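Taken together, the values in this text are just the output of simple stated rules run on the coordinates, not laboratory data. For clarity, every value in this text was computed on a predicted model and none was experimentally measured. FYI the Cβ positions are ideal-geometry reconstructions off the backbone, even for glycines, and counts take in every protein chain you see.
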Amino acid sequence: MHTDSDRRRFAKFIVAHAPLDESCWIWTGACTGGYGSFGVGSRTDGSARTMPAHRFAWEAYRGNINGMWVLHKCDVKLCVRPNHLYLGTHADNTRDAVERGQMARQKGSTNGRSKLNETQAAEIYTRTRNGESPLRLSREFDVARTTVNAIKEGRTWTHCTRPARIAVAKDLGA
Ligand SMILES: [Zn+2]
């Protein structure tokens, strides 16, 4: 269903770990709504479109989605590791979202390290680049100033704050 060239491009946007390690494969390309976003198809024949990266991962490595939802076992929206995904229904997704909401209140955002979501990180990046004070932004978003500085300097959240696509790891192993 997807071409080898799509698969090769896809692999460049993943931070993969050793094959035996069970860590998430984090998407480093463009994002939409907190999920990875990947362009497939070709402009010349009019089949070009963007799709959620985790849906591409399922189709490329597991098979047909058959109208189901592709959901995360690991609860990390940016993860595209095929064995962290499963097919479910809209109801499964809603139930998971409720559970996620309860967990999020305990541990912060999806990775448990930060209270910011991708949209807020992108906003902080843009505003610091436009000259707003990191101190003021840190108060407004209720995060440490070092967090704001890290976003400003592109040391973190870069996959969501920068439109540029950065290839981090190429060898998927598994
Ligand atoms: Zn994962």
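At-a-glance table
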quantity	calculated
For the stretch 141-152, Karplus couplings with θ = phi - 60° (6.51, -1.76, 1.60), whole Hz, Gly/Pro x	9, 6, 10, 5, 5, 4, 5, 4, 4, 5, 5, 4
Three-way shape label, the stretch 4-99, alpha-carbon gyration tensor, a/c 1.5	oblate
Sorted by Cβ density within 10 Å, fewest first, the residues 84, 54, 72	84, 72, 54
